[in-house]
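> One structure is given below, represented as structure tokens, and several questions about it will come after.
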Amino acid sequence: MTVPLWCLIIGAMLPYVWHFASMPFKNKQFGELDIALPRAQGMGLVDTGARVWAAQLNAWEALGVFSAANLVAFMAGVDPEGNWSLAAMIWVVARVCHGGFYIAGFGMVRMLCFVVGLGMCLWIFSLALI
């Protein structure tokens, strides 16, 4: 398996990591997990719980852009062993850090991680264009 594919798998798992991280906050705030309406309960979280929930939602959004970039690179025949791998690995690091900083409440550093991750997606798209 190539590095970009492993990075895509890791990126696909990140929203689930943040989802499971939100469960203790749901338990603490609401007394139980609402498996019938988990999204409504997640939207009702406050403080750190709300940030964990938001990190999950943002991870889903970022995954869509990263997936599209990887699909385009694959279809264009970009060499997965070159800059594509580097960009994908940096994206993973940026997205993991983004979630961690989101949860910790470090807005400026979180935004920097977001920009780096988006930049890596744009770099992968540009590799496909060349």
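> So the check is Cβ under 6 Å with 6+ separation or different chains; which pairs have a first residue in region 60-75 that's touching a residue at least 60 places away in the same chain (Cβ under 8 Å) and a second one that's charged (D, E, K, R) and buried (at least 17 other Cβ atoms within 10 Å of the Cβ)?
none
Here is a yes/no grid of residues against (1) surrounded by 14 or more Cβ atoms within 10 Å (Cβ to Cβ); (2) of a type in the set (Lys, Arg):
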residue: Phe20; (1), (2): no, no
residue: Met23; (1), (2): yes, no
residue: Arg39; (1), (2): no, yes
residue: Leu45; (1), (2): yes, no
residue: Arg51; (1), (2): yes, yes
residue: Val96; (1), (2): yes, no
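> So which helices (runs of 4 or more DSSP H) stay within region 1-97 end to end and still have 1 or more residues that are within 18 Å of Met120 (Cβ to Cβ), within 15 Å of the chain's Cα centre (by Cα) and of a type in the set (S, T, N, Q)?
In region 1-97, 47-76 are the helices (runs of 4 or more DSSP H) which contain 1 or more residues that are within 18 Å of Met120 (Cβ to Cβ), within 15 Å of the chain's Cα centre (by Cα) and of a type in the set (S, T, N, Q).
> Same structure, new question: Quick one: which residue in Met120, Met108 is more than 23 Å from Ile9 (Cβ to Cβ) and modelled with pLDDT of 95 or more?
Every option except Met108 fails the conditions.
> If you check Ala76 against the conditions, is it surrounded by fewer than 17 Cβ atoms within 10 Å (Cβ to Cβ) and over 14 Å from Cys7 (Cβ atoms)?
yes
> While we're here: I need the full set of residues from region 40-56 which are free of Cβ contacts under 8 Å to residues at least 40 places away in the same chain and closer than 15 Å to Tyr16 by Cβ, in order please.
Gly42, Trp53
> Does region 19-38 include one or more residues that are touching a His at 6+ places or on another chain (Cβ under 9 Å) and at pLDDT 95 or above?
Within region 19-38 (the criterion being touching a His at 6+ places or on another chain (Cβ under 9 Å) and at pLDDT 95 or above), the answer is no, since none of the residues qualifies.
The values are calculated or read from the model by the stated rules, or taken from the named source; none is laboratory data. It should be emphasised that the depicted structure is a prediction, and the values quoted were computed from it without experimental measurement. FYI the Cβ positions are ideal-geometry reconstructions off the backbone, even for glycines, and counts take in every protein chain you see.
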